[in-house]
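Undergrad: Below you will find the structure I want to go over with you.
The values are calculated or read from the model by the stated rules, or taken from the named source; none is laboratory data. Keep in mind that what you see is a predicted model, and the values were worked out from it rather than measured. Every residue, glycine among them, receives a Cβ derived from its backbone with ideal geometry; neighbour counts consider all protein chains shown.
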Amino acid sequence: MYGNETTLTFNDDNNDSGHRDTIQIAKKFKKLTSLAMLGGNFTSITVGYLDALRALTADAVGRKYITEEDLMYAVINVLPHFVKGLGNLGEPIPNDKLLACMQFNQLSRSNSEIFGRSDQARISRFIHQYALMGGYTISDYLISAIMVAATYHHMRLVTLPDG
């Protein structure tokens, strides 16, 4: 047992080429399935977004909480807020009124998401909270932002001077 070392030899004949080919095929298959899964994720994100937008439109047509005018106002005005919101990713304090309304209603982030990783750097918070499931986060943000903007536009807290 002790003192009886054996050396392992590596046989580098061309007899192992079948195993190498199998490994290369497996690596190519892995790349293709990864691309297919990413494509499936994109399809799932798009279908989820369109379905949520359809449900919001049905609510607007029903005119119970929002109207079609409120929905159009929100769709048109959310994009500038979305661009501002991209600069706020990973920060616990919102830099925009729409982001603040969403955070107040806990539609963009819950309290545990806001303060859970406050001891980490901003880039680390960004990666953990947004980068891994970014497409779902963006589509959820857009639908929530449209819903909040339309609801706040419909249920005004103040009376405008023009009536």
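Undergrad: Across the range 83-117, what is the total count of residues that are modelled with pLDDT of 80 or more, touching a His at 6+ places or on another chain (Cβ under 7 Å) and in a loop (DSSP other than H, G, I, E, B)?
TA: Matching residues across the range 83-117 total 1.
Undergrad: I want to confirm something. Restricting to the range 134-148 and keeping residues that are of a type in the set (G, A, S) and under 8 Å from the mean Cα position of the chain (by Cα), which single residue is nearest to M72 (Cα to Cα)?
TA: S139
Undergrad: Residues being over 20 Å from the mean Cα position of the chain (by Cα), surrounded by fewer than 12 Cβ atoms within 10 Å (Cβ to Cβ) and not β-branched (V, I, T): count how many of those fall in the range 64-87.
TA: The total comes to 1.
Undergrad: Which residue, of G39, G48, is surrounded by 10 or more Cβ atoms within 10 Å (Cβ to Cβ), under 18 Å from the mean Cα position of the chain (by Cα) and modelled with pLDDT under 60?
TA: Details: G48 fails: modelled with pLDDT under 60.
Step by step, each of G39, G48 is checked, and only G39 is surrounded by 10 or more Cβ atoms within 10 Å (Cβ to Cβ), under 18 Å from the mean Cα position of the chain (by Cα) and modelled with pLDDT under 60.
Undergrad: Say we look at the range 127-141 and pick out the residues that are surrounded by fewer than 18 Cβ atoms within 10 Å (Cβ to Cβ) and modelled with pLDDT of 70 or more; which of these is farthest from A52 (Cα to Cα)?
TA: G134
Undergrad: Please tell me if M1 is in a helix (DSSP H, G or I) and either at pLDDT below 80 or under 30 Å from H153 (Cβ atoms) (or both).
TA: Numbers: in a helix (DSSP H, G or I): no; either at pLDDT below 80 or under 30 Å from H153 (Cβ atoms) (or both): yes.
Against the criterion (in a helix (DSSP H, G or I) and either at pLDDT below 80 or under 30 Å from H153 (Cβ atoms) (or both)), M1 does not qualify.
Undergrad: What are the residue pairs meeting all of these: first residue in the range 46-60, first residue closer than 10 Å to I143 by Cβ and in contact (Cβ under 8 Å) with a residue 24 or more places away in the chain, second residue acidic (D, E) and surrounded by 11 or more Cβ atoms within 10 Å (Cβ to Cβ), Cβ atoms under 9 Å, and 6 or more apart or on different chains?
TA: Hits for this filter: G48/D140; Y49/D140; A52/D140.
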